[in-house]
Amino acid sequence: MTSEVLAFIGGGNMASAILGGLLRAGLAPAQLRVVEPQAPQREKLAGEFGIAALPAGDATLADASTVVWAVKPQLFAEAAAPLKAWVGSALQLSVMAGIRTDALVAATGSQRVVRSMPNTPALIGQGIAGLYARPAVSADGRAAVERLLAPTGQTLWVAREDDLDAVTALSGSGPAYFFFFVEAMMTAAVDMGLTADQGRRLALATCSGAAALGLASDESPTTLRERVTSKGGTTYAAITSLQNDAVDAAIRRAVLAAQKRAAELGREFG
């Protein structure tokens with residue numbers, strides 16, 4: 001990608017995560033075109049990355065081989081309307097929630113559209129993004145998207161666009177479920193006489209370590225859980241309490257509720 005020109009429509013947090021990774025990988029600021037209407041964010045991009053972001057699109061966008069759409073979903077139609085003349089020949093990559101690929105095709109005139117659902121750990125290079133490509137996207141186009149998103153973490157392709165609603169529910173919204181659980185652990189720590197800071201450190205380090213162990217192990221999460229759940233012990237008491245409260249069923253219902261809402265938003269935004 002050292003000779004490519006990439007355009008970003010929107011320069012917020014997710015775009016900044018990708019931009020920072022691309023620059024660390026060797027791209028020059030001159031290879032990046034960023035359209036960001038908000039002056040404070042343009043100043044931030046200039047200060048952090050040396051990128052001279054544009055307040056509005058212009059003919060320089062026509063140089064881009066890939067256009068990354070990173071505006072808020074409700075602003076997409078307004079942002080896309082004046083840019084169609086310049087971006088239609090590029091590969092289109094969306095990191096917007098809820099905007100279906102049909103809407104991107106209609107707005108850009110390009111059938112070469114990849115839709116991505118990233119998550120917030122991408123901000124530190126530890127994310128995972130679900131990806132769906134329309135049939136017009138070639139193997140080279142898929143590879144280009146993978147290279148572009150590599151600085152943000154892992155990627156996972158799905159066969160159907162509707163599968164991205166499940167990705168949204170599981171990993172897109174998933175960090176919030178994790179922090180909700182950590183908040184409860186911190187409250188329990190205080191109830192037991194520890195400080196909130198001690199509870200935070202213990203909870204986050206334990207969850208981080210458990211996730212790392214799960215990724216490194218060939219064993220299933222069920223087996224790993226059972227290894228630390230001796231009958232009659234402390235973990236057994238905790239797991240039994242969670243099962244009695246039907247926490248597992250509540251988690252499944254929560255994820256399915258997020259999937260349903262993701263589908264609704266897709267229909268709402270067209």
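The values are calculated or read from the model by the stated rules, or taken from the named source; none is laboratory data. Quick caveat: nothing in here was measured; it's all calculated off a predicted structure. Cβ placement follows ideal geometry from the backbone for every residue including glycine, while neighbour counts extend to all protein chains displayed.
Determine whether residue 78 is surrounded by fewer than 14 Cβ atoms within 10 Å (Cβ to Cβ) and more than 25 Å from residue 124 (Cα to Cα).
yes
Just to be sure I understand, how many residues within region 39-58 are closer than 24 Å to residue 114 by Cβ and of a type in the set (A, V, I, L, M)?
Of the residues in that region, 4 qualify.
Which of the residues that make up region 143-153 are within 17 Å of the chain's Cα centre (by Cα) and assigned to a helix (DSSP H, G or I)?
Within region 143-153, 145, 146, 147, 148, 149, 150, 151, 152 qualify.
Quick one: residue 151 ticks every box in (1) out of contact with any Gly (no Cβ under 8 Å at 6 or more places or on another chain); (2) modelled with pLDDT under 95; (3) closer than 30 Å to residue 20 by Cα except a single one, so which number is it?
(1)
Does region 208-222 contain any residue that is touching a residue at least 12 places away in the same chain (Cβ under 8 Å) and surrounded by fewer than 14 Cβ atoms within 10 Å (Cβ to Cβ)?
Checking region 208-222: not a single residue is touching a residue at least 12 places away in the same chain (Cβ under 8 Å) and surrounded by fewer than 14 Cβ atoms within 10 Å (Cβ to Cβ).
When the residues of region 98-130 are filtered to those that are under 29 Å from residue 177 (Cβ atoms) and among the basic types (Lys, Arg), which remaining residue is surrounded by the most Cβ atoms within 10 Å (Cβ to Cβ)?
This residue is 115.
Got a sec? Which of 88, 11, 20, 26 is on the phi > 0 side of the Ramachandran plot and not basic (Lys, Arg)?
Only one candidate qualifies: 26.
Can you find even one residue in region 123-135 that is within 20 Å of the chain's Cα centre (by Cα) and in a helix (DSSP H, G or I)?
Going through region 123-135, the residues within 20 Å of the chain's Cα centre (by Cα) turn out to be 123-134.
With in a helix (DSSP H, G or I) added as a condition, the list becomes 123-124.
Yes - at least one qualifying residue is present in region 123-135.
Does residue 261 satisfy the condition of being in a helix (DSSP H, G or I), at pLDDT 95 or above and among the basic types (Lys, Arg)?
no
Could you check region 233-254 and list, in sequence order, the residues that are surrounded by fewer than 11 Cβ atoms within 10 Å (Cβ to Cβ) and either of a type in the set (Val, Ile, Thr) or modelled with pLDDT under 95 (or both)?
Matches in region 233-254: 234 only.
When only residues in region 154-169 that are among the acidic types (Asp, Glu) and outside any helix (DSSP H, G or I) count, which is nearest to residue 22 (Cα to Cα)?
Top of the filtered list is 161.
Has region 86-101 got any residue that is of a type in the set (Ser, Thr, Tyr) and out of contact with any strand residue (DSSP E or B) (no Cβ under 9 Å at 6 or more places or on another chain)? Walk me through it before giving the result.
Residues of region 86-101 of a type in the set (Ser, Thr, Tyr): 89, 94, 101.
Filter again for out of contact with any strand residue (DSSP E or B) (no Cβ under 9 Å at 6 or more places or on another chain), leaving 89.
Yes, there is a match, as at least one residue in region 86-101 is of a type in the set (Ser, Thr, Tyr) and out of contact with any strand residue (DSSP E or B) (no Cβ under 9 Å at 6 or more places or on another chain).
Just to be sure I understand, how many residues within region 44-75 are charged (D, E, K, R) and either crowded, with 21+ Cβ neighbours inside 10 Å or over 24 Å from the mean Cα position of the chain (by Cα) (or both)?
Of all residues in region 44-75, those charged (D, E, K, R) come to 44, 48, 58, 63, 72.
Now narrow it down to the ones that are either crowded, with 21+ Cβ neighbours inside 10 Å or over 24 Å from the mean Cα position of the chain (by Cα) (or both): 58, 63.
Residues that pass the stated criteria total 2.
Which number in (1) surrounded by fewer than 17 Cβ atoms within 10 Å (Cβ to Cβ); (2) over 23 Å from residue 7 (Cβ atoms); (3) among the charged types (D, E, K, R) marks the one condition that residue 142 misses?
Unmet condition: (2).
Please count how many residues of region 156-170 are surrounded by 19 or more Cβ atoms within 10 Å (Cβ to Cβ) and either among the acidic types (Asp, Glu) or assigned by TED's automatic domain parsing to the domain that holds residue 100 (or both). Step through it out loud before you land on a result.
Of all residues in region 156-170, those surrounded by 19 or more Cβ atoms within 10 Å (Cβ to Cβ) come to 164-169.
From the residues that got through so far, the ones that are either among the acidic types (Asp, Glu) or assigned by TED's automatic domain parsing to the domain that holds residue 100 (or both) too are 165.
Of the residues in that region, 1 qualify.
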